[in-house]
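To start, the structure itself, in structure tokens.
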Amino acid sequence: MEDLAPRFAAYLAHRMPQASNVEVAGVSRIHGGASRETFRLSATWKEGGRDVARPLVLRRDPVASLIETERDLEYNAYRAFHPTGLPVPEPLFLETELKWLDRPFFVMEQIVGCAAGSPFNPDPYGPLAEKIGRQFWTHLGRIAAAEPKDIGFEMEAVAPGECWKRELDKWEKVIDEDELSPQPIARAAIRWLRRNPPPPAQKLSVVHGDYRTGNFLFNEEGDIKAILDWEMCHLGDPLEDIAWAADPLWAFATPDRPGGMIPRAEALHLWQEASGLKIDPVGLRWWEIFNSLKGLAIWISAGKEYHTGANRDPILALSSWYCTDMHDRILAGRLSALAKEERA
């Protein structure tokens, strides 16, 4: 990391020909991400006879990644939603030339004076939980309400009745390729999901893909200032995002309050108000089971990356150990409840 500052300063000078005396300092790694190397830093330069200073975030492709994603997809999500007023960082540069920092990367503004709540803290927001929770679910509804073409977020579309199959195929393939030992609970969930497809999506929306506790920043007043980590975003069924945000893994010790924020019923009501959509309980149940399976696939992949030495970030070891066990338990409980319903 020693040479990252001068190399990045040279890149900024290249991208900002109107600037002079570009310097970069204070480079530090932000750990926790599984699909990008993330650094915070401070850039200074002279422009138009004045001194300019701006804190930035650099998101670089890693040597090996837990989740294979396209950095331009994440960058374009920021670019699409930033003008709408949704709290996301301003995207600045997207770079695929390897000569600058060896791997592709993008640059965005750094949101300062904020923190992220840990999904493994039983009380991540303290007295701010209700205020944050109301914003959290309202913002998710706004994401679902946005018309992808109107905001410039264009991706390959999928038929409303095929959203579930595309996602299930994708994550089953991850398990097939990355499991280090048999996964009987995951296989049982896959069989149930295929036998019981959900209703077609009522609308094709932008799906964040990882909307949860830990993936947004808030200030001391409890205002959400930045929704982060859009690397798994896609067009699909908006119920997918609800189910992931409400997954019991993120609730920790408060299963009746998704993400450790507000009661589930209030959360779903706020989402419906903001999105203008109605939640089909049958569809939501399918996506809840799917998302616990998706989580399990991610943790299985984490275990493989760490076991093979492809990525030695300790977060992968923790995910493989703790989160795999949690999602196995969650899925087993959900499948057991379904079996009882079918027998009744």
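Residue under question is Trp137, and the condition is that it be modelled with pLDDT of 95 or more and not assigned by TED's automatic domain parsing to the domain that holds Leu293; does it hold?
Details: modelled with pLDDT of 95 or more: yes; not assigned by TED's automatic domain parsing to the domain that holds Leu293: no.
So Trp137 fails the test.
So Ile132 fits all but one of (1) in contact with a Cys (Cβ under 9 Å, 6 or more places away or on another chain); (2) in a helix (DSSP H, G or I); (3) assigned by TED's automatic domain parsing to the domain that holds Gly309; what number is the exception?
Exception for Ile132: condition (1).
In the set Leu316, Leu331, Leu338, which member is surrounded by fewer than 18 Cβ atoms within 10 Å (Cβ to Cβ) and part of a helix (DSSP H, G or I)? Spell out the reasoning first.
Numbers: Leu316 fails: surrounded by fewer than 18 Cβ atoms within 10 Å (Cβ to Cβ); Leu331 fails: surrounded by fewer than 18 Cβ atoms within 10 Å (Cβ to Cβ).
Leu338 is the lone residue from the list that is surrounded by fewer than 18 Cβ atoms within 10 Å (Cβ to Cβ) and part of a helix (DSSP H, G or I).
Mind listing whichever residues of the stretch 106-129 are assigned to a loop (DSSP other than H, G, I, E, B) and not small (Gly, Ala, Ser)?
Within the stretch 106-129, Gln110, Ile111, Val112, Cys114, Pro119, Phe120, Asn121, Pro122, Asp123, Pro124, Tyr125 meet the criteria.
What residue, of Ala226, Ala246, Ala251, Ala201, is over 26 Å from Leu335 (Cα atoms) and small (Gly, Ala, Ser)?
Answer to the selection: Ala226.
Would a scan of the stretch 7-18 turn up a residue that is in a strand (DSSP E or B) and exposed (fewer than 14 other Cβ atoms within 10 Å of the Cβ)?
no
Would a scan of the stretch 214-225 turn up a residue that is modelled with pLDDT under 95, surrounded by fewer than 24 Cβ atoms within 10 Å (Cβ to Cβ) and in contact with a Gly (Cβ under 8 Å, 6 or more places away or on another chain)?
There is at least one residue in the stretch 214-225 that is modelled with pLDDT under 95, surrounded by fewer than 24 Cβ atoms within 10 Å (Cβ to Cβ) and in contact with a Gly (Cβ under 8 Å, 6 or more places away or on another chain).
Would you check which residues across the stretch 208-242 are touching a residue at least 60 places away in the same chain (Cβ under 8 Å) and either among the aliphatic types (A, V, I, L, M) or not assigned by TED's automatic domain parsing to the domain that holds Cys163 (or both) and list them?
Within the stretch 208-242, Leu217, Ile224, Ala226, Ile227, Leu228, Met232, Leu235, Ile242 meet the criteria.
Conditions first: (1) closer than 21 Å to Ile279 by Cβ; (2) touching a strand residue (DSSP E or B) at 6+ places or on another chain (Cβ under 6 Å). Arg142 passes all but one, so which condition is the exception?
Among (1) closer than 21 Å to Ile279 by Cβ; (2) touching a strand residue (DSSP E or B) at 6+ places or on another chain (Cβ under 6 Å), Arg142 violates only (2).
Could you list, ordered by first residue, the pairs with Cβ atoms under 7 Å in which the first is in the stretch 157-179 and in the same structural domain as Trp299 (by TED's automatic domain parsing) and the second is modelled with pLDDT under 95 and not in a helix (DSSP H, G or I), at least 6 apart or interchain?
Final answer for the pair search is Arg166/Val158.
Where the second residue is modelled with pLDDT of 95 or more and assigned to a strand (DSSP E or B) and the first is at positive phi and lies in the stretch 3-24, which pairs have Cβ atoms under 8 Å and are six or more apart or on separate chains?
Cβ pairs passing all conditions: Asn21/Thr44; Asn21/Trp45; Asn21/Lys46.
Which residue is surrounded by the most Cβ atoms within 10 Å (Cβ to Cβ), if the candidates are limited to the stretch 282-313 and must be among the basic types (Lys, Arg) and farther than 15 Å from Ala189 by Cβ?
The selected residue is Lys304.
Just to check your reading of the model, which residue among Ala245, Ala253, Ala267 is crowded, with 18+ Cβ neighbours inside 10 Å, among the small types (Gly, Ala, Ser), closer than 30 Å to Arg29 by Cα and in contact (Cβ under 8 Å) with a residue 40 or more places away in the chain?
Of the residues listed, the single one that is crowded, with 18+ Cβ neighbours inside 10 Å, among the small types (Gly, Ala, Ser), closer than 30 Å to Arg29 by Cα and in contact (Cβ under 8 Å) with a residue 40 or more places away in the chain is Ala245.
The values are calculated or read from the model by the stated rules, or taken from the named source; none is laboratory data. Keep in mind the model is a prediction, meaning the values are calculated, not measured. When we count neighbours, we look across all protein chains shown, and the Cβ atoms used for this are built from the backbone with ideal geometry, even at glycine.
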